[in-house]
Structures are given as structure tokens and as C-alpha cells.
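What follows is a single structure, written as C-alpha cells, with notes after it.
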């Protein structure tokens, strides 16, 4: 269930980035500030983040058998922490030597510098391929 929670996080992260951070105020405004100045952290109120994480962690315990949902929630939390770490690394100016991270770095750079309506995934480009938001092949990703 932990790996399933992690995979679910990658989908949730894609959906939140695409539809909330690029479409719903005040998240859109905060996120566009991040696009203008990537070194500036996204200013999501701590209370909002705590409520979201609290829901992930506490919801399984409201169910009669909390074992599997609790492990799923652990996977969600691991995914969220992983996404934050990867996203922080993607904003360094030097290209990573790791092939997977270098690919994520190029696609995230594309999202910021070429087309803000593509390459929403941080930890994976899988959901971008599924939903047709991968970087356009006719534009070079350096």
C-alpha cells in the first residue's frame, strides 16, 4: 500500500499543479510568483498545508480497518516529501548528473521557461504523457 500511496501522490501532485496552482486563486497568483522568481518559495499558508497533511494522515483512522489506508497515507506523505526535495533540486542552475533527475530538470525548465501549460509533473512525466501535457516534441528541451 505504501508504493500505491506514492504513485497516487504523483497523480495528485500533477492534478494540484495543473488545476489548482495554475487555475484557482489565490494559489494561481502565488504559483505565478514562483514562476517569475523560482528561487522564491511558494507561499502556501502553513495552516492550509497542515490541514491537507492532517487529512491524509488522519482519514485512514476513521475507517474500521485502518491498516491498509494508513500505509497508503504513509505512501502519500513519502510522495509529498519526495516531491518537495526533487522540486528544490530542479531549481538549481547546474544540470544533474543523474539521468532521471536531469530529465526532470529539463522538463521542469521547459514548464518555467517555454510553456507553463505543459510539463506539470515534478517527480515523473508519466501523467503529462497520459493527459497530453508533455513538452511539445517540435521544441527542443535543452
Peptides 110-122, 27-39: what's the order by average Cβ count within 10 Å, highest mean first?
110-122, 27-39
Could you order the peptides 89-96, 127-134 from most to least packed, using the average number of other C-beta atoms within 10 Å per residue?
127-134, 89-96
So what's the angle, to the nearest 10 degrees on a 0 to 90 scale, between helix 99-113 and the longest Cα principal axis of the chain?
70
Footprinting proxy, 86, 57: sorted fewest to most Cβ within 10 Å, the residues are 57, 86
Here, residue 51 and residue 84, labelled 7 Å along Cα→Cβ, have an inter-label distance in nm of 1.8
For the chain, longest principal axis from Cα atoms; helix 27-36 axis from its Cα atoms; angle between them, nearest 10 degrees, is 40
Shape category assigned to region 2-96 from the gyration tensor of Cα positions, a/c cut at 1.5:
prolate
Once you have the Cα-Cα distance between residue 93 and residue 36, take 0.36 nm times their residue separation minus that, and quote the gain in nm to one decimal.
19.0 nm
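FYI, it's all coordinate maths here, none of it is from the lab. As the structure is a computational prediction, the values presented were derived from the model and not from experiment. Note that each Cβ is placed from the backbone with ideal geometry, even for glycine, and that neighbours are counted across all protein chains shown.
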